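See structure below.
The values are calculated or read from the model by the stated rules, or taken from the named source; none is laboratory data. Since the structure is predicted, the reported quantities are computational estimates derived from the model, not experimental observations. With ideal geometry, Cβ positions are generated from the backbone for all residues, glycine too; neighbour counts draw on all protein chains shown. Calculation scope for accessible area: heavy atoms of the full protein, side chains included, ligands and nucleic acids excluded. Shrake-Rupley method; radii C 1.70, N 1.55, O 1.52, S 1.80 Å.
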Number of protein chains: 2
Amino acid sequence: MKKLVTLFAAFTIFSSSSFAQQALSGGSDLTSPEIKADRTVTFRLKAPGAKEVKLSGDWMPAQGWTPGTELMAKDKDGVWSLTSTPITSDLHSYSFLVDGLRITDPNNVYLIRDVASVTNVFIVPGGKADLYTVNAVPHGTVSRRWYSSPGNNLTRRITIYTPPGYESSKQDYPVLYLLHGMGGDEEAWAALGRATQILDNLIAQGKAKPMIVVMPNGNVAQEAAPGESTEGLYKPTMQLPHTMDGTMEQTFPDILKFIESNYRTAKGKENRAIAGLSMGGYHSLHISRFYPNTFAWVGLFSPAVMASDKVSSPVYANFDESLKKQSANGYKLYWIGIGKTDFLYKAVSDYRSKLDQIGMKYTYRESEGGHSWTNWRDYLSEFLPMLFK
Amino acid sequence: MKKLVTLFAAFTIFSSSSFAQQALSGGSDLTSPEIKADRTVTFRLKAPGAKEVKLSGDWMPAQGWTPGTELMAKDKDGVWSLTSTPITSDLHSYSFLVDGLRITDPNNVYLIRDVASVTNVFIVPGGKADLYTVNAVPHGTVSRRWYSSPGNNLTRRITIYTPPGYESSKQDYPVLYLLHGMGGDEEAWAALGRATQILDNLIAQGKAKPMIVVMPNGNVAQEAAPGESTEGLYKPTMQLPHTMDGTMEQTFPDILKFIESNYRTAKGKENRAIAGLSMGGYHSLHISRFYPNTFAWVGLFSPAVMASDKVSSPVYANFDESLKKQSANGYKLYWIGIGKTDFLYKAVSDYRSKLDQIGMKYTYRESEGGHSWTNWRDYLSEFLPMLFK
């Protein structure tokens, strides 16, 4: 027994050393980022060998799509640091530039992939980002499942949120279909969009109705997000075949059928919502119009609007007529959100004129900013409380 | 209409540029790692400003717990590269050392966190790692749920794999409880362990029975994995309170009750297995002994064996007597796996002597290597086919 106990002591000592199972340690003892009560944030990087280290953050003034940078200062131990001015409450991303090489922060394990880029994230609390944090409230279940899509001749991965209490009740729930943008996938809304935290929090506050939220993969040529499919661990790309050629719209019934036959869903269009960002706004626009009596709640977040004139799909034929039919069939909410500096602002403005001509009612939300997850999280947080009421 | 189409064209151009929604681009056009048919792998990093770049990989000879490194060579464009000798089929991790600073590969979006370290991973196919890849087989569902643990006065997050066909059948399924090691959490087996891919593949090959696999969080002071709890996005640490003091064992019935009342589980100990690595092997050993008629299948992967003599918990009292009781009650499999160079080798050897003295039967598997995920994935791949038969 004595011998065994001694070996346990060795295990404890060993465990408290830098041992991290098989992984290669990339960290150090620094804290970075350090978020302070006044919303200033300190970033630190130990790099004694570097000649210049810059911080690049999504809150800095950008040059077009190139994010801004700020020089960091080095101390005698080779630790570079920078304390920001107060940063708005949000989920923020950043990286370091070490002698021109863009790297992630080795002291921050929280990373999110967006297409082929991985960046560190942090949350500044004390404002709207309190909806993005895990709070002491009941939590829904998040499942990754695979559904059969005969229309795409594929089995495809899908992310499904069921609200707290779903498993223990016998109730039927309304469903929101929540679609990602170009370069995204079935992980995008849960990762960058913080959708599951927003849902848990708004439901707990009594502001949103308990609902099922379905986050499919809108890239119909893909089985699943990068790394989750038979394609293996390849380098993701922004553009994929058949994303905006009508296929997603035509094969959407595969998803609807899967959900309605596998979950306790409340029936009828009053219990179905569809919303999406950018390309997902485009998909939501066209799906809700192509099946013009299916959704009573539609959300277009910074939507792309029209198909290319090179695309010939029955989905995009009879555009005005199908909108009129959708309008005549009736719905509860047709919500459009766009940022003032969004490159799609003009397209959305033209689309609103068309809706006005047709006499199709919509709710319009114009925000600051552009084509960004900051806006899409805002839009989702505003859109959810309006649903199914 | 013309105007809208023109704006669509702008969207397409814009989308095919380096735009990646709001994230800050960290990548470049290089391919890294590039895995070739002969199992050599080429790594590349563009860092014209660096004086020295090294590659550090888990397949290189290590110095104790310090992984080995190899110098990379720079070309005229400032791209550093290295082509490895053939690497064994496995999930491998690596990082770069740029003038002494350990960084991840900006061209590889596949990363796994282990405690406070994040490293890139890649898979070399053509051998045992074919079990770790997503293949064209039916896929199980992976759910993250929250269960009530009155014993810990917490609601806690848990990862649950249900096999292909679970949702569409009315069948009851056997259950494996699969426990992680120190510094791990409810994500460890799915991420580093590739457990869901191994299960999908072995079930599809008819080698493993369809089963539910429950991956709880063994750190009873935690609600959930880092970043998934009310503690927010903090820096994870290796050691946590109450991990090996009997609390996990004493509160294990909260998990059992949750699973058996929420899933179609086949009843009786013949339909229950428990296995774990390192600290999870310790938990499996003690849980199966403390509830000596609950599990007919036990797997101890590189297990820590004994509680510290400073711990006074009823769980660790009457050690030999409870083992004898477990032995007398009968079981189907008591499986122990350990690597020849594992720092726990001697402890496991002493434990086997104890079992021999008691006359408690076990299956012993001695492998090459040490305390590593390479071994734990192997052990899981060997253990699963033996269960529930």
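Only one of the numbered conditions (1) open to solvent by less than 40 Å² (accessible area, probe 1.4 Å); (2) under 15 Å from A:Glu34 (Cα atoms); (3) more than 26 Å from the chain's Cα centre (by Cα) is not met by A:Thr83, and that is (1).
Within region B:57-75, track down each residue that is touching a residue at least 12 places away in the same chain (Cβ under 8 Å) and buried (at least 21 other Cβ atoms within 10 Å of the Cβ). Matches in region B:57-75: B:Gly57, B:Asp58, B:Met72.
Consider B:Gly280 carefully, then state whether it is within 18 Å of B:Gly218 (Cα to Cα) and touching a helix residue (DSSP H, G or I) at 6+ places or on another chain (Cβ under 6 Å). When the stated conditions are applied, B:Gly280 does not pass them. Only one of these conditions is not met by B:Gly369: (1) part of a helix (DSSP H, G or I); (2) open to solvent by 30 Å² or more (accessible area, probe 1.4 Å). Which number is it? With respect to (1) part of a helix (DSSP H, G or I); (2) open to solvent by 30 Å² or more (accessible area, probe 1.4 Å), B:Gly369 is out only on (1).
Of the numbered conditions (1) within 8 Å of another protein chain (Cβ to nearest Cβ); (2) closer than 30 Å to B:Leu91 by Cα, A:Asp105 fails exactly one; give the number of that condition. A:Asp105 satisfies all of (1) within 8 Å of another protein chain (Cβ to nearest Cβ); (2) closer than 30 Å to B:Leu91 by Cα except (1).
More than 10 Å from chain A (Cβ to nearest Cβ), free of Cβ contacts under 8 Å to residues at least 24 places away in the same chain and either open to solvent by 10 Å² or more (accessible area, probe 1.4 Å) or not aromatic (Phe, Trp, Tyr) (or both): does that describe B:Gly206? Steps first, please.
Numbers: more than 10 Å from chain A (Cβ to nearest Cβ): yes; free of Cβ contacts under 8 Å to residues at least 24 places away in the same chain: yes; either open to solvent by 10 Å² or more (accessible area, probe 1.4 Å) or not aromatic (Phe, Trp, Tyr) (or both): yes.
Taking the combined requirement at face value, the residue satisfies it.
The set of residues in region A:93-102 that are of a type outside the set (Ser, Thr, Tyr) and open to solvent by less than 10 Å² (accessible area, probe 1.4 Å) contains only A:Phe96.
Counting the residues of region A:144-161 that are open to solvent by less than 10 Å² (accessible area, probe 1.4 Å) and either of a type in the set (D, E, K, R) or closer than 23 Å to B:Thr159 by Cβ (or both) gives 6. Scanning region B:114-170 for residues that are more than 30 Å from B:Glu249 (Cβ to Cβ) and among the basic types (Lys, Arg) yields B:Lys128, B:Lys170. Restricting to region B:113-143, count the residues that are open to solvent by less than 40 Å² (accessible area, probe 1.4 Å) and facing chain A (nearest Cβ under 7 Å). Number satisfying all stated conditions: 14.
Here's the yes/no breakdown for (1) surrounded by fewer than 19 Cβ atoms within 10 Å (Cβ to Cβ); (2) closer than 16 Å to B:Ala273 by Cα:
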| residue | (1), (2) |
| --- | --- |
| B:Asp172 | yes, yes |
| B:Gly183 | no, no |
| B:Val213 | no, yes |
| B:Ala221 | yes, no |
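Residues of region B:155-185 being charged (D, E, K, R) and assigned to a loop (DSSP other than H, G, I, E, B), which ones? The answer is B:Glu167, B:Lys170, B:Asp172, B:Asp185. Residues in region B:223-245 that are touching a Pro at 6+ places or on another chain (Cβ under 7 Å) and surrounded by 15 or more Cβ atoms within 10 Å (Cβ to Cβ): B:Pro226, B:Pro236.
Looking only at residues in region A:339-366 that are in a helix (DSSP H, G or I) and buried (at least 21 other Cβ atoms within 10 Å of the Cβ), which one is nearest to the chain's Cα centre (by Cα)?
Selected residue: A:Val348.
If you go through region A:186-200 one residue at a time, do you hit one that is of a type in the set (Val, Ile, Thr) and in a helix (DSSP H, G or I)?
yes
Within region B:372-389, the set of residues being open to solvent by less than 10 Å² (accessible area, probe 1.4 Å) and among the aromatic types (Phe, Trp, Tyr) comprises B:Trp373, B:Trp376, B:Tyr379, B:Phe383.
Go through region B:108-131 and report how many residues are among the hydroxyl-bearing types (Ser, Thr, Tyr) and in contact (Cβ under 8 Å) with a residue 24 or more places away in the chain.
Residues in region B:108-131 being among the hydroxyl-bearing types (Ser, Thr, Tyr) and in contact (Cβ under 8 Å) with a residue 24 or more places away in the chain: 1 in total.
For region A:116-126, which residues satisfy the criterion of being modelled with pLDDT under 95 and part of a strand (DSSP E or B)? A:Ser117 - this is the single residue of region A:116-126 that is modelled with pLDDT under 95 and part of a strand (DSSP E or B). Only one entry of A:Val134, A:Val142 meets the criterion of being among the hydrophobic types (A, V, I, L, M, F, W, C) and over 16 Å from A:Leu178 (Cβ atoms), and that entry is A:Val134. Among the numbered conditions (1) under 30 Å from B:Leu344 (Cα atoms); (2) in contact with a strand residue (DSSP E or B) (Cβ under 8 Å, 6 or more places away or on another chain), the only one that B:Leu202 does not meet is (2). Criterion first (of a type outside the set (Lys, Arg), in contact with an Asp or Glu (Cβ under 8 Å, 6 or more places away or on another chain) and not in a helix (DSSP H, G or I)) does A:Asn135 satisfy it? So A:Asn135 fits the description; yes.
Annotation: B:Tyr282 fulfils all but one of (1) open to solvent by less than 40 Å² (accessible area, probe 1.4 Å); (2) touching a Ser or Thr at 6+ places or on another chain (Cβ under 7 Å); the unmet one is (2). When region B:312-322 is filtered for residues that are surrounded by 14 or more Cβ atoms within 10 Å (Cβ to Cβ) and within 13 Å of another protein chain (Cβ to nearest Cβ), the ones remaining, listed by number, are B:Tyr316, B:Phe319.
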